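The values are calculated or read from the model by the stated rules, or taken from the named source; none is laboratory data. Since the structure is predicted, the reported quantities are computational estimates derived from the model, not experimental observations. Cβ placement follows ideal geometry from the backbone for every residue including glycine, while neighbour counts extend to all protein chains displayed.
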Amino acid sequence: MWALRGIDFTVAAGEAVALLGPNGSGKSTLLRILVTAARPTLGDVRVCGVPSSDGDRVRRHVGLLSDRPPLYNELTAIENLKFAAAMYGLQASEEELRGALADVGLARAATARVGTFSQGMAQRLSVARAALQSADLVLLDEPYNALDAEGLRLVDQLLARVRAAGKTAILATHHIAKGLAQCGRVIALRGGRIAFDGPTAQFAASPLAEEAGAWA
Amino acid sequence: MTAFAREWQRTWAVARKDLLIERRAKAAFNAMAFFAGLVLLTFGFALGPDVPVGEAREGTLLQQLAPGLIWVTILFAGVLALDRSFQVELERGGLDALRLYPGDRKAIYLGKFIANVTIMLIMEMLVCPLAGILYSLDLWGRLPGLAGVAILTTTGFAAMGTFYAALTANLRARQVLLPLLMFPVLIPVILAAVKATGLVLHGDPMGELGSWLKLLGAVDVLFLTTCLLVFEYVLEE
């Protein structure tokens with residue numbers, strides 16, 4: 001059994017790439033390899049010039065925003081952010097963290113326990129958590145799931161901030177329109193192989209674009 | 001910030017987070033306290049409070065067996081805390097997030113270890129007086145010796161227990177496997193704890209206590225060092 005095969009691509013610094021594909025095509029596995037949560041059986045992966053075998057150095061360059069926000073239900077929103085900041089080795093003040101919460105519309109929920117949050121609120125907190133770390137490569141795994149219109153705007157804003165800072169972003173999503181709108185390049189996976197790799201405009205004009213409608 | 005200060009910040013963050021969660025949820029503590037109280041009571045009823053131990057020794061059977069009973073109760077109750085320490089990470093994908101933070105993973109192990117030691121010592125502060133009342137033990141005059149044995153034993157137990165809790169965290173049968181894997185390795189700690197507690201409670205005419213405490217200390221250092229060195233690989237998928 002293999003999840004990915006023959007995957008070969010390079011992403012330039014500052015590029016935003018949409019990683020598209022149907023369920024089970026290998027998008028999440030690819031992101032897990034890039035973030036060192038999984039190891040490839042064969043092959044060579046380099047992230048920001050660092051081989052993926054050097055997990056600690058790779059993790060210093062990579063940030064991940066996934067649809068399963070890694071938060072603690074018994075902690076408040078601000079305590080969750082404090083914990084993440086400490087784990088990233090940041091020295092963020094309470095004011096800065098409250099500011100980060102205000103940026104995602106959670107200022108009034110700062111001292112509420114995350115266990116009482118809706119999925120959308122938790123995802124917003126996850127966006128604030130991801131924004132804390134100024135990673136060189138930001139990986140977004142289905143970040144639009146369970147978000148309301150305001151939440152969608154916040155993820156777009158995060159992506160825009162990443163791009164404006166000249167950082168690299170890889171966005172794995174079923175939300176095809178969002179992927180095409182936010183990224184200049186598309187890598188489409190099908191059955192664990194690359195089915196398309198090129199500019200967004202070229203993807204939109206390709207026969208795959210029609211098929212992609214069914215991936216959403 | 002120096003690398004040491006950064007790693008200490010991460011260690012303290014993990015410990016503080018775990019203690020805060022436990023203080024609010026009390027999931028492990030309530031289960032431990034209930035279990036420990038029930039076991040101590042059951043032994044008390046089963047063995048009877050006034051059964052003499054024989055002519056060769058003073059005191060009742062319960063008093064003579066108390067060191068073993070107390071440690072069996074504490075260590076089995078402690079398994080609940082160890083299991084909970086990584087269960088809390090699995091609830092919302094936190095274990096993956098812990099894996100993905102940059103920095104030395106020893107900080108995660110040490111943070112969890114500190115939290116487990118703290119939770120267990122608090123539980124011991126409740127279990128020992130309860131055992132003292134139920135088994136008619138004079139603990140007050142022997143407090144420094146008992147505290148020394150408790151700290152050394154809990155350190156060794158939590159050092160190995162935190163490691164095995166991480167190792168079994170993703171397994172479906174982890175609640176069965178955790179004690180099965182952990183207790184055989186902990187035999188030196190358990191034996192030394194029971195012997196040392198017995199010597200503290202019943203007197204030490206041959207001056208053996210120091211040797212048992214040294215054994216506990218040496219095992220603690222060995223367990224902590226080994227687990228710190230290999231923890232990195234336990235968190236790998």
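Inclusion of A:G179 among residues that are modelled with pLDDT under 90, buried (at least 17 other Cβ atoms within 10 Å of the Cβ) and not hydrophobic (A, V, I, L, M, F, W, C) is warranted. Among the residues of the stretch B:206-219, none qualifies, meaning not one is touching a residue at least 60 places away in the same chain (Cβ under 8 Å), under 28 Å from B:D138 (Cβ atoms), β-branched (V, I, T) and surrounded by 14 or more Cβ atoms within 10 Å (Cβ to Cβ). Inspection of the stretch B:120-134 identifies no residue that is within 14 Å of another protein chain (Cβ to nearest Cβ), crowded, with 17+ Cβ neighbours inside 10 Å, touching a residue at least 24 places away in the same chain (Cβ under 8 Å) and not aromatic (F, W, Y).
From the list A:S93, A:S25, the lone residue that is of a type in the set (S, T, Y) and without any contact (Cβ under 8 Å) to a residue 12 or more places away in the chain is A:S93. Check the stretch B:23-39 and report whether any residue there is within 20 Å of the chain's Cα centre (by Cα), within 14 Å of chain A (Cβ to nearest Cβ) and of a type in the set (V, I, T). No, there is no match, as no residue in the stretch B:23-39 is within 20 Å of the chain's Cα centre (by Cα), within 14 Å of chain A (Cβ to nearest Cβ) and of a type in the set (V, I, T). Filtering the stretch A:130-175 to residues that are of a type in the set (D, E) and under 24 Å from A:G89 (Cβ atoms) leaves A:D136, A:D141.
Restricting the stretch B:222-237 to residues that are part of a helix (DSSP H, G or I) and exposed (fewer than 13 other Cβ atoms within 10 Å of the Cβ) leaves a set whose member that is farthest from the other protein chains (Cβ to nearest Cβ) is B:T225.
Cβ-Cβ distances below 7 Å connect the following pairs, each with a first residue in the stretch A:54-65 that is farther than 11 Å from A:A135 by Cβ, a second residue that is aliphatic (A, V, I, L, M) and not in a helix (DSSP H, G or I), and a separation of six or more residues or different chains: A:R57/A:V50. Suppose the filter is closer than 23 Å to A:A3 by Cα, surrounded by 20 or more Cβ atoms within 10 Å (Cβ to Cβ) and not basic (K, R); does A:L81 pass it? Spelling it out, it is not the case that A:L81 is closer than 23 Å to A:A3 by Cα, surrounded by 20 or more Cβ atoms within 10 Å (Cβ to Cβ) and not basic (K, R). Restricting attention to the stretch B:180-210 and to residues that are modelled with pLDDT of 95 or more and of a type in the set (G, A, S), the residue that is nearest to B:G68 (Cα to Cα) turns out to be B:A193. Quick check on the stretch A:39-76: of everything there that is among the aliphatic types (A, V, I, L, M) and surrounded by fewer than 18 Cβ atoms within 10 Å (Cβ to Cβ), which residue is nearest to the other protein chains (Cβ to nearest Cβ)? Across the stretch A:39-76, the extreme among qualifying residues is A:V45. Any residue that is among the aromatic types (F, W, Y), under 30 Å from A:A12 (Cα atoms) and within 12 Å of chain B (Cβ to nearest Cβ) - is there at least one of those in the stretch A:103-124? Among the residues of the stretch A:103-124, not one is among the aromatic types (F, W, Y), under 30 Å from A:A12 (Cα atoms) and within 12 Å of chain B (Cβ to nearest Cβ), which makes the answer no. Restricting the search to helices (runs of 4 or more DSSP H) fully inside the stretch A:1-111 and requiring at least 3 residues that are under 23 Å from B:E232 (Cβ atoms) and within 17 Å of the chain's Cα centre (by Cα) gives A:27-34, A:55-61. Scanning for something touching a Leu at 6+ places or on another chain (Cβ under 6 Å), in a loop (DSSP other than H, G, I, E, B) and more than 20 Å from B:V14 (Cα to Cα), does the stretch A:122-129 turn up at least one residue? No, that holds for no residue. For the stretch B:27-43, indicate whether the set of residues that are at pLDDT 85 or above and touching an Asp or Glu at 6+ places or on another chain (Cβ under 8 Å) is non-empty. Yes: the stretch B:27-43 contains one or more residues that are at pLDDT 85 or above and touching an Asp or Glu at 6+ places or on another chain (Cβ under 8 Å). Would you confirm, using the coordinates I've provided, whether B:A27 is surrounded by fewer than 20 Cβ atoms within 10 Å (Cβ to Cβ), of a type in the set (A, V, I, L, M, F, W, C), closer than 23 Å to B:A147 by Cα and in contact (Cβ under 8 Å) with a residue 24 or more places away in the chain? So B:A27 does not fit the description; no. Here B:V189 fulfils each of the conditions (1) in contact (Cβ under 8 Å) with a residue 60 or more places away in the chain; (2) surrounded by 19 or more Cβ atoms within 10 Å (Cβ to Cβ) apart from (1). Out of the stretch B:7-22, which residues are surrounded by 20 or more Cβ atoms within 10 Å (Cβ to Cβ) and either more than 10 Å from chain A (Cβ to nearest Cβ) or over 19 Å from B:V117 (Cα atoms) (or both)? Answer for the stretch B:7-22, where residues must be surrounded by 20 or more Cβ atoms within 10 Å (Cβ to Cβ) and either more than 10 Å from chain A (Cβ to nearest Cβ) or over 19 Å from B:V117 (Cα atoms) (or both): just B:A15.
Exactly one residue out of A:V186, A:V155 is in contact with a Phe, Trp or Tyr (Cβ under 8 Å, 6 or more places away or on another chain), crowded, with 18+ Cβ neighbours inside 10 Å and in a helix (DSSP H, G or I), and it is A:V155.
Any residue that is more than 14 Å from every other protein chain (Cβ to nearest Cβ), over 17 Å from the mean Cα position of the chain (by Cα) and either modelled with pLDDT of 90 or more or surrounded by 15 or more Cβ atoms within 10 Å (Cβ to Cβ) (or both) - is there at least one of those in the stretch B:74-96? No, the stretch B:74-96 contains no residue that is more than 14 Å from every other protein chain (Cβ to nearest Cβ), over 17 Å from the mean Cα position of the chain (by Cα) and either modelled with pLDDT of 90 or more or surrounded by 15 or more Cβ atoms within 10 Å (Cβ to Cβ) (or both).
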